[in-house]
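The values are calculated or read from the model by the stated rules, or taken from the named source; none is laboratory data. Predicted, not measured: the structure shown is a model, and the values here were computed from it. As a convention, Cβ positions derive from the backbone with ideal geometry for all residues, glycine included, and neighbour counts pool all protein chains shown.
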Amino acid sequence: MGGGSSKKEGVVSRTKSKKTKEVHNLVLLGTGGAGKSTIFKAIKIAKKGGFTEHEREQHGIAIFRGLVKVMKGLLETVDESSDSAASVKAADLDALPEDTKQLREHLAAVWASDAIKAAFRENEGTENDPHEPSTRFIFKNFDRMNVAGFQSTDDDILQFRLPTTDFSTIDYDANDDVTLRFIDVGGQRKERIKWNSLPECTAVIFVAALNDYNKKLAEDATRNRLHESITLLRVLATKHFANTDIILFLNKRDLFEELIKTVDLKCCFMDYDGGCNYDPALKRIVEGFKKVCADGDLHVNVTCATDINQMDQTIQSMQEVVLKKLLNSFLDMS
């Protein structure tokens, strides 16, 4: 994993372009839902000028499909005698073509229902919340998105989660001599088999969600998400990428700041005694990740992938770490 010479189209290990520019791979790894793809999209916005009109249209279609999917789920949870079910049923949405005025009118009628809104708000912000933050974001913007020809903004694209199922790459020229190639790949358990075909990497960007400490895996309802992230990092740091620099992105800082006010970290770490306070809780989480690295050497960044200004600064800082490592390696060989 990660150390072989296998190649995929568009993913090349430490090669040189026609201008003899070195290409160094930085791969984003972590569990599903940690925010890898959001960070990947933030890099595209910060360093590559954002998205094309076609990409915005495609993301808009994906967001609309997500809206319809969740609406159908909500319809199935409410009582048939409620005001929402009286006029529209989930099967009605299935029967309508995707991009039609009639479907949008049906969706608007459902969302106007008090029963549907109550079902959507149930368990919001709790461990039992069935909806991702990205889902809640699109429903808060329902009226703007439920229109013909909806084209997504940068913020829409960042906020909406679309699980990664293949390799995606972004090339960014760090300087006149080095191109950094960011590689995004799926993180859910069923997707990790693809990690075996990763090219040689200069560094691993491991992404974990800070607010996962009171949540369970989608793939395994008995497994704490943050514990899964720590275990996965241990495997990567001590086996598959033992000789590769690892940069830790502790993501979703904004959600963690809110959650820690009401949910004690003790639900994840029994030895924690800092209460519902941000600083000691963050310190304990960082310690948990550093502990599983062989020498404890871990570059740690606390991030909010939807904050482009902060991500731009973080990417710049990470770039400096990587370039310094490359320079030191060059000097060692001289």
Within region 295-309, of all residues that are under 19 Å from the mean Cα position of the chain (by Cα) and assigned to a loop (DSSP other than H, G, I, E, B), the one surrounded by the fewest Cβ atoms within 10 Å (Cβ to Cβ) is D307
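Conditions (1) assigned to a helix (DSSP H, G or I); (2) among the charged types (D, E, K, R), marked per residue:
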position: R234; (1), (2): yes, yes
position: A242; (1), (2): no, no
position: F249; (1), (2): no, no
position: E257; (1), (2): yes, yes
position: K283; (1), (2): yes, yes
position: F289; (1), (2): yes, no
position: C293; (1), (2): no, no
position: M311; (1), (2): yes, no
position: V322; (1), (2): yes, no
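This table checks each residue for (1) exposed (fewer than 15 other Cβ atoms within 10 Å of the Cβ); (2) in contact with a Gly (Cβ under 6 Å, 6 or more places away or on another chain); (3) among the aliphatic types (A, V, I, L, M).
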site	(1), (2), (3)
S152	no, yes, no
I170	no, no, yes
D184	no, no, no
A203	no, no, yes
A221	yes, no, yes
A237	no, no, yes
I246	no, no, yes
L255	no, no, yes
K261	yes, no, no
Among I183, I170, I205, which is over 25 Å from F137 (Cα atoms) and touching a helix residue (DSSP H, G or I) at 6+ places or on another chain (Cβ under 6 Å)? I170
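Residues are listed down the side, and each one gets a yes or a no for (1) modelled with pLDDT of 80 or more; (2) of a type in the set (G, A, S); (3) under 19 Å from H54 (Cα atoms):
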| residue | (1), (2), (3) |
| --- | --- |
| F120 | yes, no, no |
| E127 | no, no, no |
| S134 | yes, yes, no |
| F137 | yes, no, no |
| F142 | yes, no, no |
| M145 | yes, no, yes |
| D155 | yes, no, yes |
Within region 30-43, which residues are in contact with a Gly (Cβ under 7 Å, 6 or more places away or on another chain) and of a type outside the set (S, T, N, Q)? G30, G32, A34, K36
Going by the structure shown, is F256 modelled with pLDDT of 95 or more, assigned by TED's automatic domain parsing to the domain that holds R234, under 22 Å from D171 (Cα atoms) and under 22 Å from the mean Cα position of the chain (by Cα)? no
Contacts under 7 angstrom Cβ, first residue in region 225-243 being farther than 15 Å from N196 by Cα and assigned by TED's automatic domain parsing to the domain that holds N211, partner surrounded by fewer than 23 Cβ atoms within 10 Å (Cβ to Cβ) and not hydrophobic (A, V, I, L, M, F, W, C), 6 or more apart: R225/K215; R225/K216; I230/G288
Counting only residues that are at pLDDT 85 or above, give me the helices (runs of 4 or more DSSP H) lying completely in region 16-100 with at least 3 of them. 36-48, 53-77
Region 238-267: number of residues that are of a type outside the set (S, T, N, Q) and out of contact with any strand residue (DSSP E or B) (no Cβ under 6 Å at 6 or more places or on another chain): 16
Leading residue by the ranking (nearest to D171 (Cα to Cα)) among those in region 202-247 that are of a type in the set (F, W, Y) and touching a Leu at 6+ places or on another chain (Cβ under 8 Å): F206
